[in-house]
Amino acid sequence: MNNFRLSLPGRASAWAALRLTTAALAALALSTLLGLDSPYWSAMTVLIVAQPTRGQLLGKSLARLAGTAVGALAAVALLHLSESSQLAFVIALALWVGGCALLANLLNGFHTYTAVLAGYTAALVALFGIHQPQSADLMAWSRLGTVLVGVLVSMLVSWLWIPPHTLGLRQRLQKVRAELQEVALQLLLQSTERQVREEECGRVLVELAQIDALCSQGSSGQSRTQRERRQSKRVVLALIDLLTATRALVDQLPARVVQAHRDAVELPALIIALEQCPELQQGEPQRRLRYLSEALVGLDIEWHRLDSNPALEPAYSTASTWEHRNWPDALRASIRVSSVLLLSGLTWVATGWPMLIMAMLGVSVLGSIFSTLPAPRQSILRALLGTTIGTVGAALYVVWIAPALPTLTLQILALIPFLLAGSLLIWQRKTAIVGTDFSMVFLLLSAPGMPLPEAARFLAIAPGPFLGAVVATAAFYLLLPTGPRQRYEDLKQAQFNELRQLATGRSILPEVLWRARLHQRSLKLLQCAPLARVPGAAACREQLQIFALASDLYALRHRLQSCNARVIQRFGDALHELSARPERLQQTLVSLHALQPAFAQRPELATLAAKVETQLGALLPGELSPPPAR
């Protein structure tokens, strides 16, 4: 609970919360004056799309409009289906929300938010209109109108008071670029102890993973910001390529060559000098030196595109900036929310309890959104707390406060303490989830701008959001549970699958593409490591080992093309079971070790095979031992 300790808001947070509350009230008042149905959705939109910069706010606002439009259209279809059968309606709704959750977990940035919103907007409009399916079209347009009002008010406020962008991304890239070139120079000249060089490589890799995560946040928005973030990701890719290429060449440099170039002070000059060395003019050393030279040129091109000239032809194609898609986790999320929503819906069909409609809405929202967060089980507990407080706050407002106020104006003004409290929580990182869920549930149940419900009717539906939050929380812990550790293991297994395909010749991707896939997964894995409670140093060592293993596997597979078909087949069979699972990794090592006699007449193959075997052995857990050394 130490991570959840509350602190008094600073002046900046208090001012931001006051600004957000004012914008929410303005959106609510404007939607009420326009006569839109459920005007409180405008206030909810203002609170949800709150972002620290204009570009991010624009991106999230556009995503909300797109998701609302798609979800509203889906809701119309669902409501027409409900006229014939409530059971068919529940099944279709569960499939739709599950499909949107699947898509959300496969996308990135605000595209994820669009998919999530398309799912739960359909649930919201359909569930609120289940008893009036003939008004489906009107409800859908009204919901879209309230969201549009909220977005416009948010944009007006942002253009007046919010900074246009955050600073520091390009400066961080500039710094890590200089550091990496210095590290690469030290690696090639072997000017420091090996352990020190490895630690420096790991530190640079972690910094690149953090920058990549920043580039992935809010990848939609202002076109200039969007282009800069995409190009920054290309620079990150180019930097990792340079690191990998440098490490791949180090073991190929003869001691005499290293000693002859001890005085080199710049990486480009050193590479030019190495290209003149006779020892590096053929075979594997030549191939790896060419890879390093191309990586440095690629970095220069990508940096110039970021710095001044985006019209330059990129060194890395769009395909090479491919993003990892965690299909196992996406399927778990889809099955989880679909199953729980279907169970809740069937219970509602059987009993007719009004609160279950609100519970189904809660399951749709929380089951979708929190499946996309880095630590869903820990985060949803905060959402449960926010939902609980929001339910209590709404009960106080609807049952005691609002009935005592004679006019709508006074009722809206009475919202200020509640909205201000929620806004203060939203603008503090540790309590943002609590504040968001508190505000959403409070506005949903209190429905300001609408006629006050009778106390008995309100109390009949008020426990619904809390019940939905409890069910969604239980689902994350009991039904196909997921979390940072599971995602870390998924990423690891995906890397080994890529290595296996590379080793067995089943990968048909060009070298630049499979390297990009491997590097992208490494970035995701390093971003996931702290939440998975994997020590950063251990994660970095493992990724650097996998980079080296991939380079040697590619080289060995390339060299094997000159061998007879039987040797190639035996090598493919030996690595066919390559996996992140320790027992299968150990079996792969045993099979590879048994191939020693096949390489006896080819010293260069024997050397590469020995390196691959050593690197695989280094990936084994401490309790398992590799086969005896050659």
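The values are calculated or read from the model by the stated rules, or taken from the named source; none is laboratory data. These numbers come from a predicted model, not from an experiment. Heads up, the Cβs are rebuilt from the backbone with ideal geometry, glycines too, and the neighbour counts pull from every protein chain shown. Quick note on the areas: whole protein, heavy atoms, side chains included, nothing else; ligands and nucleic acids left out. Shrake-Rupley method; radii C 1.70, N 1.55, O 1.52, S 1.80 Å.
Residues checked against (1) assigned to a helix (DSSP H, G or I); (2) in contact (Cβ under 8 Å) with a residue 12 or more places away in the chain; (3) farther than 17 Å from Ala245 by Cα:
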{"residue": "Pro481", "(1), (2), (3)": "no, yes, yes"}
{"residue": "Gln486", "(1), (2), (3)": "yes, yes, yes"}
{"residue": "Ala494", "(1), (2), (3)": "yes, yes, yes"}
{"residue": "Glu498", "(1), (2), (3)": "yes, yes, yes"}
{"residue": "Arg506", "(1), (2), (3)": "no, no, yes"}
{"residue": "Leu509", "(1), (2), (3)": "no, no, yes"}
{"residue": "Leu513", "(1), (2), (3)": "yes, yes, no"}
{"residue": "Ala516", "(1), (2), (3)": "yes, yes, no"}
{"residue": "Arg521", "(1), (2), (3)": "yes, yes, yes"}
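Taken across the range 602-610, residues that are out of contact with any Ser or Thr (no Cβ under 8 Å at 6 or more places or on another chain), surrounded by fewer than 15 Cβ atoms within 10 Å (Cβ to Cβ), not in a loop (DSSP other than H, G, I, E, B) and not hydroxyl-bearing (Ser, Thr, Tyr) do occur, with at least one present. For the range 552-597, enumerate the residues that are outside any loop (DSSP other than H, G, I, E, B), among the polar types (S, T, N, Q) and closer than 30 Å to Gln282 by Cβ. Once the filter is applied, which keeps residues that are outside any loop (DSSP other than H, G, I, E, B), among the polar types (S, T, N, Q) and closer than 30 Å to Gln282 by Cβ, the range 552-597 yields Gln569, Gln596. Among the residues examined, Val398 qualifies as touching a residue at least 60 places away in the same chain (Cβ under 8 Å), open to solvent by less than 60 Å² (accessible area, probe 1.4 Å) and more than 37 Å from the chain's Cα centre (by Cα). In the range 169-193, the residues that are farther than 27 Å from Ala213 by Cα and at pLDDT below 90 reach residues that are not in a loop (DSSP other than H, G, I, E, B) and not aromatic (Phe, Trp, Tyr) with C-beta atoms within less than 7 angstrom, at least six apart or across chains, in these pairs: Gln190/Val258; Thr192/Gln186. Kindly indicate whether any position in the range 533-547 is under 19 Å from Gln493 (Cβ atoms), in contact (Cβ under 8 Å) with a residue 60 or more places away in the chain and of a type in the set (S, T, N, Q). Taking every residue of the range 533-547 in turn, at least one turns out to be under 19 Å from Gln493 (Cβ atoms), in contact (Cβ under 8 Å) with a residue 60 or more places away in the chain and of a type in the set (S, T, N, Q). Quick check on my filter: what residues within the range 519-533 are more than 14 Å from the chain's Cα centre (by Cα) and within 18 Å of Arg377 (Cα to Cα)? Pro530, Ala532, Arg533 - these are the residues of the range 519-533 that are more than 14 Å from the chain's Cα centre (by Cα) and within 18 Å of Arg377 (Cα to Cα).
Matching residues to (1) open to solvent by 10 Å² or more (accessible area, probe 1.4 Å); (2) at pLDDT 90 or above; (3) among the small types (Gly, Ala, Ser):
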residue	(1), (2), (3)
Tyr488	no, yes, no
Ala494	yes, yes, yes
Glu498	yes, no, no
Gly505	yes, no, yes
Val512	yes, no, no
His519	no, yes, no
Cys528	yes, yes, no
Gly536	yes, yes, yes
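Would you call Val151 open to solvent by less than 20 Å² (accessible area, probe 1.4 Å), outside any loop (DSSP other than H, G, I, E, B) and more than 29 Å from Pro354 (Cα to Cα)? Considered against the rule, which asks whether it is open to solvent by less than 20 Å² (accessible area, probe 1.4 Å), outside any loop (DSSP other than H, G, I, E, B) and more than 29 Å from Pro354 (Cα to Cα), Val151 comes out as yes. Under 19 Å from Pro463 (Cα atoms) and not basic (Lys, Arg): is that true of Ser423 in this structure? Here the answer is no, as Ser423 does not meet what is asked. Take the residues in the range 121-135 that are assigned to a helix (DSSP H, G or I) and surrounded by fewer than 22 Cβ atoms within 10 Å (Cβ to Cβ); name whichever of them is nearest to the chain's Cα centre (by Cα). Filtering the range 121-135 for residues that are assigned to a helix (DSSP H, G or I) and surrounded by fewer than 22 Cβ atoms within 10 Å (Cβ to Cβ), the one nearest to the chain's Cα centre (by Cα) comes out as Phe128.
Please enumerate the residues belonging to the range 373-392 that are without any contact (Cβ under 8 Å) to a residue 12 or more places away in the chain and either open to solvent by less than 50 Å² (accessible area, probe 1.4 Å) or among the charged types (D, E, K, R) (or both). Hit for the range 373-392 is Leu373, nothing else.
Could you go through the range 542-552 and let me know if any residue there is of a type in the set (Asp, Glu) and either surrounded by 14 or more Cβ atoms within 10 Å (Cβ to Cβ) or in contact with a helix residue (DSSP H, G or I) (Cβ under 6 Å, 6 or more places away or on another chain) (or both). Scanning the range 542-552, I find at least one residue that is of a type in the set (Asp, Glu) and either surrounded by 14 or more Cβ atoms within 10 Å (Cβ to Cβ) or in contact with a helix residue (DSSP H, G or I) (Cβ under 6 Å, 6 or more places away or on another chain) (or both), so the answer is yes. Looking only at the range 237-257, decide whether some residue is more than 30 Å from the chain's Cα centre (by Cα), touching a residue at least 40 places away in the same chain (Cβ under 8 Å) and part of a helix (DSSP H, G or I). Checking the range 237-257: at least one residue is more than 30 Å from the chain's Cα centre (by Cα), touching a residue at least 40 places away in the same chain (Cβ under 8 Å) and part of a helix (DSSP H, G or I). Scanning the range 262-286 for residues that are open to solvent by less than 30 Å² (accessible area, probe 1.4 Å) and either among the acidic types (Asp, Glu) or under 17 Å from Leu242 (Cα atoms) (or both) gives Leu267, Leu270, Ile271, Leu274, Glu284, Pro285. Within the range 210-225, residues that are closer than 16 Å to Pro374 by Cα and acidic (Asp, Glu) have Cβ atoms under 7 Å from residues that are at pLDDT 70 or above and outside any loop (DSSP other than H, G, I, E, B) in these pairs: Asp212/Lys233; Asp212/Val236; Asp212/Leu523, counting only partners at least 6 apart in sequence or on another chain. Per this entry, Leu30 is not counted among residues that are at pLDDT 85 or above and part of a loop (DSSP other than H, G, I, E, B). Scanning the range 105-120 for residues that are under 13 Å from Gly367 (Cβ atoms) and open to solvent by less than 10 Å² (accessible area, probe 1.4 Å) yields Val116, Gly119.
Residues of the range 405-451 that are within 20 Å of Ile389 (Cα to Cα), open to solvent by 40 Å² or more (accessible area, probe 1.4 Å) and not in a helix (DSSP H, G or I): Trp427 alone. Going through the range 68-104 one residue at a time, which ones are open to solvent by 30 Å² or more (accessible area, probe 1.4 Å) and either in contact with a Ser or Thr (Cβ under 8 Å, 6 or more places away or on another chain) or not in a helix (DSSP H, G or I) (or both)? Answer for the range 68-104, where residues must be open to solvent by 30 Å² or more (accessible area, probe 1.4 Å) and either in contact with a Ser or Thr (Cβ under 8 Å, 6 or more places away or on another chain) or not in a helix (DSSP H, G or I) (or both): Val70, Glu83, Ser84, Ser85, Ala88, Leu95, Gly99, Leu102.
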